[in-house]
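Have a look at the structure below before the remarks.
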């Protein structure tokens, strides 16, 4: 499966059980990444327009099919790592409060692609594509 | 809208609502690493803050602000406390909405000398200068520039590692949702010290009942490797064990700028374009705008120094 995550400069994902940031341009890119249906948790739903094709599940990493694409906001990802054949990281290029960070060692993955684009509230978003 | 807080106490009425978990979140999605809840008021005590170890901030009050339901409003405002008899700032509070966020880059604030202010440089400090004029309410939130009631003497570490991350989080949330965040920053002074020990930072997103933003943290006004006398603002390298006999240098005349020696542009230090200057082309400069122009530099088009 392909997993999408958003990270700050310290690979943080959340603080106090809440996302660090959001950006509607990033959400649009994620829908393009999905190519159809994006698997998300219930709390990720407000990030996307109402008519978006979402598969909403409490167990995103378990319920996303092998050829599916999911957006994960909460670590850990480690237990699902053997099923992840592509990891797409959206970097905010800012530092936010964090108490929950990505638990994958990205230096053990191969960076295949890196692109940049402006977000709606972030001057620069970096999109990185990793493979095991 | 601005108003002045003539009196404000962290003591607040305890709301009748029990601690039932973050509003709006399914039970399965309740954060595991912290305990959050509806607003219950309460009283902050500096005694509950652990001594600094190696984290720029620490959650207090289970990471739930001391606000009460009565504090919540969907009208934007900002308020500041008058300086006390020692010239120290008090609590600053805002309901941050898009309508009070800045539309222009920040101007110079070098004319303000917060209590305990000293201009002192160390090689081990990012940007050299130990102290920054720290906005209680970050400029990106309320657009308040050189207001002496909103600026404290804070270390670079407090400014960048302790406060900025929370300001970023609040600013992004407001910009993306057009909701409001009730936001309060309280400098914490011991006795008659002129430099704050730290700041209490609280945030709560109003329209979604704290689902988007909810934090209550204490950020330490420390700088790793440097010891500070909070009574005066004097400082010294911790490894030397004794205070410097004199301030490291006199207050420089003029304004602090960052130069790009390649493009020959000059910027305010907090200009986003200044962050992108490569180290070999970056130079810090304190002086007058006229001197820079005479040297062939031109002002940045973004921060317009």
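Each reported figure results from applying straightforward, stated rules to the coordinates on display, with no laboratory input. This one's a predicted model, so the numbers in the text were calculated from it and none came from an experiment. Don't worry about glycine lacking a Cβ; one is built from the backbone with ideal geometry, like all the others, and counts go over all protein chains shown.
Note the full-extension length gain between residue A:110 and residue A:25 as 0.36 nm times their separation in residues minus their Cα-Cα distance, in nm to one decimal.
28.1 nm
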Under a crude label model (7 Å from the Cα following the beta-carbon direction), how far is residue B:124 from residue A:10 in nanometres? 2.0
For segment A:1-54, diffusion coefficient by Stokes-Einstein and Kirkwood Rh (Cα), 25 °C, 0.890 mPa s, µm²/s: 202
tail above 34 Å in the computed P(r) of the protein assembly as shown, as % of all Cα-Cα pairs, reads 37
Where only C-alpha atoms are counted, convex hull volume of segment B:78-173 per residue in Å³: 97
Please report, for the Cα atoms of segment B:166-305, the Rg to one decimal and the Dmax as a whole number; what are they, in angstrom? 20.2, 54
Just to check, using Stokes-Einstein with a Kirkwood Rh over alpha carbon pairs, what's the diffusion coefficient of segment B:125-190 at 37 °C and 0.692 mPa s in µm²/s? 257
For chain A, just the Cα atoms, rotate onto the principal axes and tell me the three extents in Å, largest first. 36, 32, 30
Taking 1 over the mean of 1/r across every pair of different Cα atoms in segment B:114-226, what Kirkwood radius in Å do you get? 14.7
Tell me the label-point distance for the pair residue B:229, residue B:51, using the 7 Å Cα-to-Cβ offset, in nm and rounded to one decimal. 2.1
Near-label residues of segment B:50-91 by backbone N, under 11 Å of a point 7 Å along Cα→Cβ of residue B:238: B:52-55
Asserting the computed 222 nm helical MRE of the protein assembly as shown (DSSP H runs at least 4 long, -39500 (n - 2.57) per run, divided by residue count, to nearest 500) equals -2500 deg cm²/dmol
State, to one decimal in nm, how far the label point of residue A:85 lies from the label point of residue B:272, with both points 7 Å from Cα in the Cβ direction. 3.8
